[in-house]
Ligand SMILES: [Cu+2]
């Protein structure tokens, strides 16, 4: 037998290492500026994940280095290792601990996403069309005003983006909003965001979609509702017929909220 492992000591070293790694990693602003109600929730979730990961990393490192030090072969020792057959307690521990951690992380993430995406009746729906290598937006209202390369939304209140990929898979991501959603040909996906800071941001495609992928960006303008209303009214292009059919079909099953869009 190896004798009793100094479990208490190893646990203390693990906790100290976890605290040290967390103290360095958590204060770093990984996601940059936030501009939606989702941002603080997702940043907090990331910090919780960092602490959990630091714990797992520390535990593995402490056990690894303990084993390297304690069970190192003596110089000249050519004998076989001790014949052992598993260790039930250890196996239960290394199954239970990761299971609890993964279930907790999954449950917590679910709760955060559920909070962010809780539908509200006052939402504004904007249809998003993505194609190599451009973003097109259609706003509710008579004939659906459309615009290319710039997405304006009023600040505050929930915004739902109904996404349609016209060729290959693209992905909708505004880093300051934190939310990212794939656009998949043949199905409609929805990103739900409540922008809470006026400003100009960038919409980035985050799914490698072809040669021009790196240039597939659009300006995002979050502005006061009055300014937004005027901006939509000034759009003079109507959504082209084939895209309009897609929007109409979708509106039939999910009508945009009354008054939304102002157009
Ligand atoms: Cu892309």
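The values are calculated or read from the model by the stated rules, or taken from the named source; none is laboratory data. Quick caveat: nothing in here was measured; it's all calculated off a predicted structure. Here the Cβ positions follow ideal geometry from the backbone for every residue, glycine too, while neighbour counts run over all protein chains shown.
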Residue that is surrounded by the most Cβ atoms within 10 Å (Cβ to Cβ), among those in the range 183-202 that are within 16 Å of the ligand (Cβ to nearest atom) and not in a strand (DSSP E or B)
184
Any idea which of 52, 20 is surrounded by 17 or more Cβ atoms within 10 Å (Cβ to Cβ), within 28 Å of the chain's Cα centre (by Cα) and either under 30 Å from residue 159 (Cβ atoms) or at pLDDT 90 or above (or both)?
52
Report yes if some residue within the range 212-232 is away from the ligand (no atom under 16 Å from the Cβ), crowded, with 16+ Cβ neighbours inside 10 Å, part of a loop (DSSP other than H, G, I, E, B) and touching a residue at least 40 places away in the same chain (Cβ under 8 Å); otherwise report no.
no
Modelled with pLDDT of 95 or more and within 13 Å of the ligand (Cβ to nearest atom), is that true of residue 205?
yes
Among residues belonging to the range 163-182 that are assigned to a loop (DSSP other than H, G, I, E, B) and surrounded by fewer than 17 Cβ atoms within 10 Å (Cβ to Cβ), point out the one that is farthest from the ligand (Cβ to nearest atom).
166
